[in-house]
Amino acid sequence: MAYSDKVVDHYNNPRNVGSLPKTDPNVGTGLVGAPECGDVMKLQMKINPETQVIEEAKFKTFGCGSAIASSSLATEWVKGKTVDEALAIKNTDIVRELSLPPVKIHCSVLAEDAIKAAIGDWKKKHGVEVLISEKASH
Amino acid sequence: MSISSTSTNPPLVCWNCHERTLGTHFCPSCGKLLQLPQRIDYFALFEMPRKLWIEMNGLEQKFLQLSWKLHPDNFVNATEQERELSLKRSSELNDAYRTLRDPVSRVEYLLAIEGERKEGEKKQQAPPELLEEVFELNESLDELREAKAAGEDLAELKAGLESAEKNFQEKLGEVDKQLQAAAHKWDAALQGDAATRKKIMARLNELLNRRSYIRNLVTNVAKELAEV
């Protein structure tokens, strides 16, 4: 199976590799994994509590090329977006952008989960907002 | 002998004598090799209930008997249809034996035919409490590779990884024990209600996920350490 050019590009030049201080109250950390292949993906975002804009995003992924490309792309996409905009990113968007084959769709799912987990972690740190958004959804 | 309803084959019409037959491999009326039923499962192929504890000697005996009976050598003078059937059935039998012989692939297979584990359909969850450790271990592996490339002293990193490997080996042993316990529960609930069976299947699935994660790690660490 051949990887698409975009996957190869992200794999060779991954964007935003690294980490942010986990204990920073404005940093949300998402750690997710796919048991099928043993991949593990960490995505972190620094979110401005006033504007809810994601100012910085970093990732580190241990896994196949598609998993690395999916998380690399995810960090590119979330930067500059608001929390709500980032939550609207679907794994199918990643599949389309990277032309992932069906056997690699779970990599894009992992990236979507990582975005949601990171934002979830940030919201948890800002306990009040969780309560508000929970109220709103009921 | 009572066989659980889950393991019996649906009746099939014999291609040769057109009798409805409940035989698994040969037609009881005309003795011809039967076509492979559409949805035969490996347990049914060996005429066993869908139990996870299998007596290995018995399984091997059955496998040898059946491979002898189904073997293409017995059909060299038969019609082309029968020759093809014998080939297909023999290869199916080999797959079935290989799958059921290994306790882990047996559980995987059971969950697949029971609809608990479908590739791509149901999202498999990674065990969350393991992720942190997995991530850290992967980072240490990275450090080891970098240090190796830079020609640095590896003794400390190596010692750390060796103890991590031991720790994960122990975890693997634990998961295997838990899998065994859950398998016993499954067997005991073979005739039980659907809710109980579903619960045990979910547990088995969770344990399999945990196991494959740990297994991968142990393999990676062992490989990396062997190259140092």
* **Options A:LYS42, A:LYS60, A:LYS90, A:LYS46: the member that is at pLDDT 90 or above, over 29 Å from B:ILE214 (Cα atoms), under 14 Å from the mean Cα position of the chain (by Cα) and crowded, with 18+ Cβ neighbours inside 10 Å** => A:LYS46
* Asked: Do the conditions hold for A:SER71, that is, is it of a type in the set (Ser, Thr, Tyr), under 14 Å from the mean Cα position of the chain (by Cα) and part of a loop (DSSP other than H, G, I, E, B)?
  -> no
* Consider A:SER66 against the criteria (1) within 15 Å of A:ILE115 (Cα to Cα); (2) assigned to a helix (DSSP H, G or I); (3) among the polar types (S, T, N, Q); (4) in contact (Cβ under 8 Å) with a residue 40 or more places away in the chain: it satisfies all of them except one. Which criterion is unmet? -> (1)
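For segment B:129-150, does any single residue satisfy the condition of being outside any helix (DSSP H, G or I), exposed (fewer than 15 other Cβ atoms within 10 Å of the Cβ), of a type outside the set (Ser, Thr, Tyr) and more than 14 Å from chain A (Cβ to nearest Cβ)?
Among the residues of segment B:129-150, at least one is outside any helix (DSSP H, G or I), exposed (fewer than 15 other Cβ atoms within 10 Å of the Cβ), of a type outside the set (Ser, Thr, Tyr) and more than 14 Å from chain A (Cβ to nearest Cβ), which makes the answer yes.
Out of B:ALA182, B:ALA226, B:ALA194, B:ALA164, report the one residue that is small (Gly, Ala, Ser), away from chain A (no Cβ under 14 Å) and in contact (Cβ under 8 Å) with a residue 40 or more places away in the chain.
Values: B:ALA182 fails: in contact (Cβ under 8 Å) with a residue 40 or more places away in the chain; B:ALA226 fails: in contact (Cβ under 8 Å) with a residue 40 or more places away in the chain; B:ALA194 fails: in contact (Cβ under 8 Å) with a residue 40 or more places away in the chain.
That would be B:ALA164, the only listed residue that is small (Gly, Ala, Ser), away from chain A (no Cβ under 14 Å) and in contact (Cβ under 8 Å) with a residue 40 or more places away in the chain.
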* To do: State all residues of segment A:13-23 that are more than 14 Å from chain B (Cβ to nearest Cβ) and loosely packed, with under 14 Cβ neighbours inside 10 Å; if no residue qualifies, say none.
  => A:ASN13, A:PRO21, A:THR23
* Restricting attention to segment A:98-110, which residues are touching a Leu at 6+ places or on another chain (Cβ under 7 Å) and either surrounded by fewer than 18 Cβ atoms within 10 Å (Cβ to Cβ) or within 13 Å of chain B (Cβ to nearest Cβ) (or both)? -> A:CYS107, A:SER108
* Sort out which residues of segment B:199-223 are in contact (Cβ under 8 Å) with a residue 40 or more places away in the chain and among the charged types (D, E, K, R), and write them in order of number. => B:GLU206, B:ARG210, B:ARG211, B:ARG215
* Residue list for segment A:37-86, filter: within 11 Å of A:ALA111 (Cβ to Cβ) and within 14 Å of chain B (Cβ to nearest Cβ) -> A:ASP39, A:MET41, A:LEU43, A:PHE59, A:THR61, A:GLY63, A:ALA67, A:ILE68, A:SER71
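Please tell me if B:THR219 is polar (S, T, N, Q), in contact with a Lys or Arg (Cβ under 9 Å, 6 or more places away or on another chain) and either loosely packed, with under 15 Cβ neighbours inside 10 Å or more than 14 Å from chain A (Cβ to nearest Cβ) (or both).
no
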* Between a first residue in segment B:133-160 that is within 18 Å of A:PHE59 (Cβ to Cβ) and a second residue that is of a type in the set (Ser, Thr, Tyr), which pairs have beta carbons less than 8 Å apart while being 6 or more apart in sequence or on different chains? -> B:VAL134/B:TYR213
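The values are calculated or read from the model by the stated rules, or taken from the named source; none is laboratory data. This is a predicted model, so every value here is computed, not measured. Glycine also receives a Cβ, built like all others from the backbone with ideal geometry; neighbour counts cover every protein chain displayed.
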